[in-house]
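Scroll down for the structure; my scribbles are underneath it.
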Number of protein chains: 2
Amino acid sequence: MSKSIFYHAGCPVCVSAEQDLLNLIGLDHIDVVHIGEEASKITEAENAGVKSVPALVTPNGNVLHINFGASIEDVKA
Amino acid sequence: MSKSIFYHAGCPVCVSAEQDLLNLIGLDHIDVVHIGEEASKITEAENAGVKSVPALVTPNGNVLHINFGASIEDVKA
């Protein structure tokens, strides 16, 4: 199985969702990207269709936006 | 691992998210509840903290609201 990518910005909502998804999907199947710390990844996230964080991009390219934490526009600002 | 419960109401957003999560988490680890067809489950979902569907209630009781599809109030109406 290809990996999913979990984009987040370090907010409490993000961290909580991250822990849940890591438990459910498994560390081996998910890459975690902190777009607050890795600003270069913001464009990658936007290109994948991420509108807000936390969000999970699945191996087939779908974007699951989870428990609205922050708009990606706010993270860019 | 205990099972997660995926609540949905049959909308396209729900079905898409359902397929992704079933693929990622695995059929054996997730129960799917269609609250549009099983109205008796709406109270159960609300008690679990579900505000909108689709939503995933994790084994530790956290609620992950995914890609806003429909308010649970709309499903009740």
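The values are calculated or read from the model by the stated rules, or taken from the named source; none is laboratory data. Everything numeric here is computed off the predicted structure, so don't read it as measured data. Heads up, the Cβs are rebuilt from the backbone with ideal geometry, glycines too, and the neighbour counts pull from every protein chain shown. When the accessible area is computed, the model is the full protein with side chains, heavy atoms only, and any ligands, DNA or RNA have been set aside. Shrake-Rupley method; radii C 1.70, N 1.55, O 1.52, S 1.80 Å.
Legend: residues in the range A:23-46 shielded by at least 10 square angstrom of accessible surface upon adding the remaining protein chains to the isolated chain (1.4 Å probe, heavy atoms) are A:23, A:24, A:25. With Cα atoms defining each centre, the range A:50-77 and the range B:46-77 are spaced 18 Å apart in the structure. The residues of chain B expose, per residue, 48 Å² of accessible area to a 1.4 Å probe. To the nearest ten degrees, helix A:12-25 and the longest principal axis of the Cα atoms of chain A are 20 degrees apart. In this structure, residue B:3 and residue A:22 have a Cβ-Cβ separation that, at R0 = 22 Å, corresponds to a calculated FRET efficiency of about 0.80. Once C-alpha pairs closer than 8 Å and six or more residues apart are averaged by separation and normalised to the residue number of the range B:4-76, the relative contact order reads 38 percent. So what is the diffusion coefficient of chain A in µm² per second by Stokes-Einstein at 37 °C and 0.692 mPa s, using a Kirkwood Rh over Cα pairs? Rounded to a whole number, D works out at 272 µm²/s. Here the simple spin-label model places points 7 Å from the Cα toward Cβ, and for residue B:39 and residue A:47 these points are separated by 4.9 nm. When the other protein chains are added to the chain by itself, burial of at least 40 square angstrom of heavy-atom accessible area (probe 1.4 Å, ligands and nucleic acids ignored) affects these residues of the range A:55-74: A:64, A:65, A:67.
By the Stokes-Einstein formula, at 0.692 mPa s and 37 °C, the protein assembly as shown with its Kirkwood radius over alpha-carbon pairs has D equal to 211 µm²/s.
Of the accessible area of the protein assembly as shown, with the probe set at 1.4 angstrom, what percent is carbon plus sulfur?
49 percent
With a 1.4 angstrom probe, the accessible area lost at the A-B interface totals about 1400 Å².
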